[in-house]
Amino acid sequence: MTDKLQLIDSRTTDVGGIPVARALPVKERRTIGPWCFLDHIGPARFAPGDPGLDVGPHPHIGLQTFTWMLEGEILHRDSLGSEQRIRPGQVNLMTAGHGIVHTEESVAGHPSLHAAQLWIALPEHQQGTRARFDHYPDLPRWQQQGITFTLLIGQHQDRQAPTLSFAPILGLDLLAERDGTLTLPLAPEFEHGLFALAGEVILAGQPLAPEQLAYLTPGSRELTLTLPAGARLLIIGGEPLPRPLQIWWNFVSFDQEAIRRAAQDWQSGAPRFGDVVGYHGPRLPAPPMAGL
């Protein structure tokens, strides 16, 4: 099993004034199934007067943004008119499709923040789908061997999450109430990624260090996990993409020309993306288009 595991170090970057660990995309791996972005935010604590997370209006195409909240609260607004607080144990899912703009802010009165934020690439025939926003306050949860499982998206054995998906996918959270070891069934057609959100985890006898991503190739039907009390593990998976995905700034597509058009539309202020009502601050500029 260990010969099928690849350990990948994340890199530190800044999002909305907060340092985050970015595990996808990195040079070693760009995607895991349709998952094409993974940021681990926090755990962070804010001093009095610190506004915390503040991400101004920015666009997306060709993907779904996926937020799994663990501590604190974030306020989401978008150009559809959505305004939604996300609280611990909940998922926010925004389907960008042809184009959308959104903002994210820490909520006053919550001095801490811990979350995982991910992107899911839409299938090629769904890249131009209509934008929408969905909030999931209730997700399938169950206990097994002292571990609380939460199914965030997709299917695991006989359980199905209500979360909107466009292709076979898995998002699963494991929280250990006590020390424990278990054998986790896997879909052999999926490739998988495993990221420790808290504590040290052992995968098939191999330690997973903080801010490391473990990549597991397709073909495995199970994986032995050891979690100490308090450890938390995020598992993502899906069928490998049929061809390489293009990722530039906040845009995802299988067609580089589609990304170029989206960048031009954002820079020119075209009505394609709309505006976010209720956020007070400038929109984020796109980086230089050199290389596009």
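Observations on the structure shown:
- Among the protein heavy atoms, those of Ser112 account for about 20 Å² of accessible surface (1.4 Å probe, every chain in place).
- Whole-number percent relative contact order across the stretch 61-172, with pairs defined as alpha carbons under 8 Å at least 6 apart: 27 percent
- Heavy atoms of Glu239: accessible area, 1.4 Å probe, square angstrom to 10: 80 Å²
- Ordering 96-103, 181-188 by mean Cβ neighbour count within 10 Å, with the highest value first, yields 96-103, 181-188.
- Take the Cβ atoms of Glu71 and Gln6, set R0 to 25 Å, and the FRET efficiency comes out at 0.30.
- The Rg/Rh ratio of the stretch 157-292, with both radii computed over alpha carbons and Rh defined as the Kirkwood radius, is 1.09.
- C-alpha long axis of helix 256-268 to longest principal axis of the chain, angle in °: 50 degrees
- Here the sum of -39500 (n - 2.57) over DSSP H runs of 4 or more residues, divided by the residues of the chain, equals -1500 deg cm²/dmol at 222 nm, to the nearest 500.
- The simple spin-label model puts a point 7 Å past each Cα toward its Cβ; for Gln155 and Arg221 those points are separated by 1.8 nm.
- For the stretch 88-148 and the stretch 151-177, distance of Cα centres in Å: 13 Å
- Surface accessible to a 1.4 Å probe, per residue, for the residues of the stretch 213-270, Å²: 41 Å²
- Viscosity 0.890 mPa s, temperature 25 °C, Stokes-Einstein D of the chain from Kirkwood C-alpha radius, µm²/s: 126 µm²/s
- Carbon + sulfur, % of accessible area of the stretch 115-209 - ligands and nucleic acids excluded, 1.4 Å: 47 percent
- As a rough guide to protection, the peptides 83-93, 36-46 ranked by mean Cβ packing within 10 Å, highest first, stand as 36-46, 83-93.
- Potential extension, Thr183-Glu124 segment - 0.36 nm per residue separation minus Cα distance: 17.8 nm
- Look at the alpha carbon pairs under 8 Å that are at least 6 residues apart: their mean separation over the length of the stretch 144-292 gives a relative contact order of 21 percent.
- Highest mean first, the peptides 6-13, 60-67, 166-173 sorted by other C-beta atoms within 10 Å per residue fall in the order 60-67, 166-173, 6-13.
- For the stretch 101-150, average projected area of the Cα convex hull in nm²: 6.4 nm²
- Expressed as a whole percent, the accessible area of the stretch 15-76 that falls on carbon and sulfur atoms is 52 (1.4 Å probe).
- Between Asp138, Asp50, Asp158, the residue with the greatest mean-square fluctuation in the GNM of the chain (Cα pairs under 10 Å linked by springs) is Asp158.
- The ellipsoid equivalent to the alpha-carbon distribution of the stretch 103-188 has semi-axes of 26, 22, 11 angstrom, derived from the gyration tensor eigenvalues as √(5λ) and listed largest first.
The values are calculated or read from the model by the stated rules, or taken from the named source; none is laboratory data. What you see is a predicted model; the values in this text were computed from it and never measured. Glycine also receives a Cβ, built like all others from the backbone with ideal geometry; neighbour counts cover every protein chain displayed. Please note that ligands, DNA and RNA were not included when accessible areas were found on the heavy atoms of the full protein model with its side chains. Shrake-Rupley method; radii C 1.70, N 1.55, O 1.52, S 1.80 Å.
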